[in-house]
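First the structure, in the form of structure tokens, and then the observations on it.
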Amino acid sequence: MVATLGSVLCLLQSSKGQQPPKEQQPPKEQPSPKEQPSPKEQKASKGEQSKEVTAEMVAESAIAVAGNGFGRAVLVQIRRNGLEIGKETRTRPDGRSEESRYELRFVHGEKPELDKIRIDSKTPQAEYTLVYGAGRLFGIINGATFTPRPDDAADFISRQAHSIDALLRYKELESKLSSAGKDKQQGIDLYVIDLVDKANRKTRYFISARTFRILSLEFEEAPPGSSTPVKYSRRFYDYRLAQGTQVPYRTVTMEDGKLTTETHILTITYGVKMDEALFKNPAATSASGNP
């Protein structure tokens, strides 16, 4: 899907309808001939204004494209909850790779602390579950709860905080945007915008100036137990339509330039009804049921 900033913005504005005419104001006093800018200066000024693209304009265009031309209304309606099934390949420090299968279930709340997320993972060594609900993260294995290791907890939180959805939901999550100018990578012109969320976590997004798809993001974080930040990057490939919305089916994660994780979505379904019990702590449920 090819889009331009002008066409996307026109699409967003077309649904607003015509505004009633404003009350006419008396004409302002015109400057003297000496104060008026020359035609050349006027042309330059108009050119600068037409070239100014704000971070919000780029983000809203990316949202419109992610909604396949219909924007935020479609994303909120269709992608409020869903089930994603896929496979993930991790590259260990020794160079060996390990493949796992996962099922991701989520329900978006009006605020990030009301989000519910559950990931069921199956590796050759074990099967376990990580759940985020009511602002807390816990794990489940063989029906018993456990506290996730610091690195697993950090990875879980990082995937939510530094993600495509974090930009597509920037207004709902009350994040702040700023422009970082333009860039060009592998012959592709990019808009670069920075997002800072309520927890002061910063993510830089690289968005195609032609299609307004989010092509990659990068951020820096210090792993648990370390004071040295690591530079992470995520690149998104193989965009496809999923229930009328644009989704990248392949994601590659790099740490300081080295490939660490590659994720492939096998199926994704939005609007799936979720049982509340999926996001509850079994230990808390059992305790509340005891006399």
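Observations on the structure shown:
- Candidates Gly139, Gly135 - the one that is touching a helix residue (DSSP H, G or I) at 6+ places or on another chain (Cβ under 9 Å), without any contact (Cβ under 8 Å) to a residue 24 or more places away in the chain and on the phi > 0 side of the Ramachandran plot: Gly135
- Restricting attention to the range 235-258, the residues that are in a strand (DSSP E or B) and either touching a residue at least 40 places away in the same chain (Cβ under 8 Å) or among the charged types (D, E, K, R) (or both) add up to 11.
- Elements of the type strands (runs of 3 or more DSSP E) sitting completely within the range 69-171 and holding at least 2 residues that are farther than 30 Å from Ile207 by Cα and open to solvent by 50 Å² or more (accessible area, probe 1.4 Å): these cover 127-133, 136-141, 144-146.
- Residues satisfying the stated conditions in the range 202-228, i.e. open to solvent by 40 Å² or more (accessible area, probe 1.4 Å), in contact (Cβ under 8 Å) with a residue 24 or more places away in the chain and in a strand (DSSP E or B): Arg204, Leu215, Glu221
- Checked against the criteria, Thr89 counts as farther than 29 Å from Gly181 by Cα, at pLDDT 55 or above and hydroxyl-bearing (Ser, Thr, Tyr).
- Gly181 being touching a residue at least 40 places away in the same chain (Cβ under 8 Å) and surrounded by fewer than 17 Cβ atoms within 10 Å (Cβ to Cβ): no
- Any hit, the range 276-285, residues being touching a residue at least 12 places away in the same chain (Cβ under 8 Å), in a strand (DSSP E or B), surrounded by 17 or more Cβ atoms within 10 Å (Cβ to Cβ) and not acidic (Asp, Glu): no
- Residue in the range 194-201 that is more than 11 Å from the chain's Cα centre (by Cα), hydrophobic (A, V, I, L, M, F, W, C) and open to solvent by 20 Å² or more (accessible area, probe 1.4 Å) present: yes
- Checked against (1) surrounded by 14 or more Cβ atoms within 10 Å (Cβ to Cβ); (2) over 17 Å from the mean Cα position of the chain (by Cα); (3) more than 26 Å from Asp94 (Cα to Cα), Glu255 passes all but condition (3).
- Residue check, Thr263 at pLDDT 95 or above, in contact with a Gly (Cβ under 9 Å, 6 or more places away or on another chain) and either open to solvent by less than 40 Å² (accessible area, probe 1.4 Å) or more than 20 Å from Asn81 (Cα to Cα) (or both): yes
- Of the criteria (1) in a strand (DSSP E or B); (2) touching a residue at least 40 places away in the same chain (Cβ under 8 Å); (3) under 30 Å from Arg118 (Cα atoms), which one Lys198 fails: (1)
- Tyr232 vs. criteria closer than 23 Å to Leu104 by Cα, part of a strand (DSSP E or B) and without any contact (Cβ under 8 Å) to a residue 40 or more places away in the chain: no
The values are calculated or read from the model by the stated rules, or taken from the named source; none is laboratory data. It should be emphasised that the depicted structure is a prediction, and the values quoted were computed from it without experimental measurement. Glycine also receives a Cβ, built like all others from the backbone with ideal geometry; neighbour counts cover every protein chain displayed. Heavy atoms of the whole protein, side chains included, go into the accessibility calculation; ligands, DNA and RNA do not. Shrake-Rupley method; radii C 1.70, N 1.55, O 1.52, S 1.80 Å.
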